[in-house]
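Notes follow the structure.
The values are calculated or read from the model by the stated rules, or taken from the named source; none is laboratory data. Since we're looking at a predicted model, the values are computed, not measured. Quick reminder, even Gly has a Cβ in these numbers, built from the backbone with ideal geometry, and neighbours come from all protein chains shown. Keep in mind that these areas ignore ligands, DNA and RNA; they rest on the heavy atoms of the full protein, side chains included. Shrake-Rupley method; radii C 1.70, N 1.55, O 1.52, S 1.80 Å.
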Amino acid sequence: VCFPALMACWGGASAAELRECRFQTAVGVETSAGSCCTTSSGVSGAIVAWARAAHLVEDERCALLHNAVLGQYEDFLEISWEDHARLLQVNVLSLTALTHTFLPALLARGRGHILNIASLAAYLPCPTFAVYAASKAYVRNFSEALDQELRGSGVRSLAICPGGTRTEFFEVAGQTVK
């Protein structure tokens, strides 16, 4: 399952403006407002190109909210290398590439937020969920370290670490939430 990476617009953005925040034309997939699945480096590049063309990178009402996630609940060797690579592309590489792209504009305006969704799994070794948990540890550590680098700039990098939530993520990942 893949959840969206968002370019979130707020601070007086009208409903019409929010409807315009779509990655659909850039990526060629049906999306919700301001969202897109980032399962390949080509899609990440399409998000960047679209956001630049729409001038969202410079838009003071926009922040980067990275909520894309893949997970698979099985022993490490039971999961194909291709599936591990897709998970790392979404959970680690796309997040890092998008941050690298949007951060200069946030710094130039002297304020902004990068919100990365990690997980409580970022704090634990998780057998049968090893690569997912490791990827979320990366998200947490990257976000916290970047926030320290940005100290005094007016830009914040935050890791949000929710526990299990009732979404289709666990069902698709092959896990049951009780």
### Query
Per-residue HN-Hα couplings for segment 146-156, Karplus 6.51 cos²θ - 1.76 cosθ + 1.60 at θ = phi - 60°, whole Hz, x for Gly and Pro?
4, 4, 5, 5, 8, 3, x, 8, x, 10, 10
#### Entry: Amide hydrogen neighbours beyond the local backbone of residue 66, cut-off 5 Å, H modeled
6, 115, 116, 117
### Query
Label residue 113 and residue 86 with points 7 Å out from Cα along Cα→Cβ: what is the distance between them in nm?
3.1
### Task
Quick one: pull the percent of accessible area on segment 57-162 belonging to carbon and sulfur, 1.4 Å probe, ligands and nucleic acids left out.
60
#### Entry: Mean separation of Cα contacts under 8 Å, 6 or more apart, over the residue count of segment 95-171: relative contact order %
38
### Summary
Residues whose built amide H sits under 5 Å from the amide H of residue 128, excluding neighbours closer than 5 in sequence, are 76
### Message
For the pair residue 158/residue 144, report the inter-label distance in nm, with labels modelled 7 Å from Cα in the Cβ direction.
### Response
1.6
### Message
Limiting things to C-alpha atoms, what are the Rg and the maximum Cα-Cα separation (Dmax) for segment 73-136, in angstroms?
### Response
14.8, 47
